[in-house]
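The values are calculated or read from the model by the stated rules, or taken from the named source; none is laboratory data. All figures in this text were calculated on a predicted structure; none of them were measured in a lab. Virtual Cβ from ideal backbone geometry, glycine too; neighbours counted across all protein chains shown.
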């Protein structure tokens, strides 16, 4: 995937700006488990995901995690460059959930692009507004949506992402994504199993009735 494929405003950028981006941007492999950003303590720069998967999450005082967003192929991780945006404080951790191939624009280059190019800066502001809206949507789900519906949505989404109905995922990992305790996840999954929606196995969850899950827990919300 080319660098310019990530920027719909590429043709509007000055030739010197295009050259600067292409010259200083590096292709890299981010190993699974690597932390790219840790509450502002780490800063990788602007990360353009070519393949793989990144996870952005927040951590409560008692150590509980909750996923804010996940980034896949063709996504831009703007939060990884939070260190060069002094007016915005991010207590968000970015970690590679899978081995990830990415283009990385170094922090100092990203900062200079913001200062030199109005077109580039405006696009980054639009992207930030979009990220903020998505984060607010996640918060609304946590505050107002019942946990059974959130869990059902997560299972269907995870099935689509992985391309299988046989999910290799622990109850603890689901709890981290949804910001709850492992015991709460286990109880609800057992309820789903009783309703013959899933089959629980050691380390895996097999979805056996996706249509029923969607009809009961997802379509009913629309």
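Conditions first: (1) under 27 Å from residue 20 (Cβ atoms); (2) modelled with pLDDT under 95; (3) loosely packed, with under 15 Cβ neighbours inside 10 Å. Residue 106 passes all but one, so which condition is the exception?
Result: residue 106 passes all but (3).
Tell me, yes or no, whether the stretch 37-50 has at least one residue that is in the same structural domain as residue 97 (by TED's automatic domain parsing), surrounded by 17 or more Cβ atoms within 10 Å (Cβ to Cβ), more than 22 Å from residue 132 (Cα to Cα) and in contact with a helix residue (DSSP H, G or I) (Cβ under 7 Å, 6 or more places away or on another chain).
No, the conditions are met nowhere in the stretch 37-50.
Is it the case that some residue within the stretch 143-151 is under 16 Å from residue 69 (Cα atoms) and either surrounded by 12 or more Cβ atoms within 10 Å (Cβ to Cβ) or out of contact with any helix residue (DSSP H, G or I) (no Cβ under 6 Å at 6 or more places or on another chain) (or both)?
For the stretch 143-151, residues under 16 Å from residue 69 (Cα atoms) and either surrounded by 12 or more Cβ atoms within 10 Å (Cβ to Cβ) or out of contact with any helix residue (DSSP H, G or I) (no Cβ under 6 Å at 6 or more places or on another chain) (or both): present.
Please work out which residue is surrounded by the most Cβ atoms within 10 Å (Cβ to Cβ), limiting yourself to the stretch 4-36 and to residues that are closer than 19 Å to residue 128 by Cα and touching a strand residue (DSSP E or B) at 6+ places or on another chain (Cβ under 9 Å).
The qualifying residue surrounded by the most Cβ atoms within 10 Å (Cβ to Cβ) is 36.
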